[in-house]
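Below: the structure, in structure tokens.
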Amino acid sequence: MAKAPHRAPDQDIDAAAEAAAADAAASGVFRRQIRFWLISAVILAIFLYVFSGILLPFVAGMVLAYFLDPVADRLQRLGLSRLMATIVILFAFIVVLVLAFVILIPVLASQMADFASKLPEYLTRLQTLITSFDPRWLEENFGVDANGLREGLNSLLTSGFGLLTTVFTSIWSSGVALVSVVSLFVVTPVVAFYMLLDWDRMVAIVDSWVPRDYVQTVRAIANDINTATAGFVRGQGTLCLVLGAMYATGLTLTGLNFAILIGLFAGLISFIPYVGSLTGLVLAVGVAFVQFWPDWTMVAAVAGVFFVGQFIEGNILQPRLVGKSVGLHPVWLMFSLFAFGALFGFVGLLIAVPASAAVAVLVRFAIARYLESPLYKGHNTEPVPPLPARRRGSGGPRS
């Protein structure tokens, strides 16, 4: 049996020194990358915070261009130039938007004014209906005092109404009040036109700025971010529009007051997990109780609109339009909406989910790089023992 070649001690020392130097260099590169991206993120956050009051039409234009870019690419494949494809898309979009506003805005404005004027009356009647049950029956079956229940409901409804007023006032003052509606509808199409026209060229320019040693890695990260973001901006955006139209149509068929307003509102906020459908269900059923009581059939029909809508969304629309491309946990998504909304107002709500999707991709990438780096692996060649098993119902380790 042949003997392994003998290595001199100096050679072992040199190899160990080279390995240590390589590990130190890799760790240094990793730390520099983290420092660079953290500084970039801080600069971006400061920029958004300082200019959040004027960014609404620009962010809306970018979102619109991103939403319509696949359509422009498809028209180019059919033989149109990028300029003609952009003109055709934006012209068609503006025509559809104007027609929708001409038809919907007067109806929504009328329903919103009527809803605001009748809301106190509706809340009072709803409270009366809930507390009109036999006080003895409530106390015997639920141990609830009718007077205490009436006072609690009054406090709850008052607090809820005040919270909704505060939220809408905050959104208005942070977004629309600082950027007038006129500028929004004038600037957004212009920004969308130029962004859509130069989208591919801008992507190529940004790609040319990336250091060549890391261009493949950055492209892979950008592709993952695009996949996650597209799942929301295009898939979830389309899903919200479809749900809004579906809820509005279903509630209108039941004869519910403010059906279009409630249905569109519930559909358009459905990008927040469970909040859109739950809010719409509570509003619709509350109005149905006041309007149709004691006809339980119509109240059940109003609730059925949302149950059917949830079934269609979960089993048909969600898999086809969104799928699993976003990959965001609902808790992380809701936290992002609250955090970005608090920091940047209405602009923050627009960028919350795409930004949180990008952050999630970057965090996963950073964790993967960390697990491959010397900072994690170190120099210990012995396998790490697993965590001790735990007994069921006990917090301590198994003896």
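Quick one: residue 186 ticks every box in (1) among the hydrophobic types (A, V, I, L, M, F, W, C); (2) open to solvent by less than 80 Å² (accessible area, probe 1.4 Å); (3) at pLDDT 75 or above bar one, so which box is it?
That leaves (2) as the condition not met.
Given the conditions (1) open to solvent by 60 Å² or more (accessible area, probe 1.4 Å); (2) at pLDDT below 85, which single one is not true for residue 277?
All conditions pass for residue 277, except number (1).
Out of (1) part of a helix (DSSP H, G or I); (2) within 20 Å of the chain's Cα centre (by Cα); (3) modelled with pLDDT under 85; (4) closer than 25 Å to residue 114 by Cα, the odd one out for residue 313 is which?
Condition not satisfied by residue 313: (4).
Here's the yes/no breakdown for (1) within 27 Å of the chain's Cα centre (by Cα); (2) closer than 30 Å to residue 122 by Cα:
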site	(1), (2)
207	yes, no
236	yes, no
240	yes, yes
254	no, yes
263	yes, yes
269	yes, yes
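Conditions tested, residue by residue: (1) under 30 Å from residue 56 (Cβ atoms); (2) open to solvent by 70 Å² or more (accessible area, probe 1.4 Å); (3) at pLDDT 75 or above.
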position	(1), (2), (3)
347	yes, no, no
350	yes, no, no
355	yes, no, yes
367	no, yes, yes
375	no, yes, no
385	no, yes, no
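If you take the residues in segment 44-59 that are open to solvent by less than 40 Å² (accessible area, probe 1.4 Å) and part of a helix (DSSP H, G or I), which one is farthest from residue 348 (Cα to Cα)?
Ranking the qualifying residues of segment 44-59, first place goes to 57.
Would you call residue 123 among the hydrophobic types (A, V, I, L, M, F, W, C), farther than 28 Å from residue 187 by Cβ and touching a helix residue (DSSP H, G or I) at 6+ places or on another chain (Cβ under 6 Å)? So that I can check it myself, show each step before the final result.
Details: among the hydrophobic types (A, V, I, L, M, F, W, C): yes; farther than 28 Å from residue 187 by Cβ: yes; touching a helix residue (DSSP H, G or I) at 6+ places or on another chain (Cβ under 6 Å): yes.
Spelling it out, residue 123 is indeed among the hydrophobic types (A, V, I, L, M, F, W, C), farther than 28 Å from residue 187 by Cβ and touching a helix residue (DSSP H, G or I) at 6+ places or on another chain (Cβ under 6 Å).
When you scan segment 200-228, how many residues do you find that are closer than 15 Å to residue 357 by Cα and either modelled with pLDDT under 80 or of a type outside the set (A, V, I, L, M) (or both)?
The qualifying residues number 5.
The values are calculated or read from the model by the stated rules, or taken from the named source; none is laboratory data. None of the values given here were measured: they were computed from a predicted structure. Ideal geometry is used to build each Cβ from the backbone, glycine not excepted, and the neighbour counts take in all protein chains shown. Surface accessibility is based on the protein's heavy atoms, side chains included, excluding ligands, DNA and RNA. Shrake-Rupley method; radii C 1.70, N 1.55, O 1.52, S 1.80 Å.
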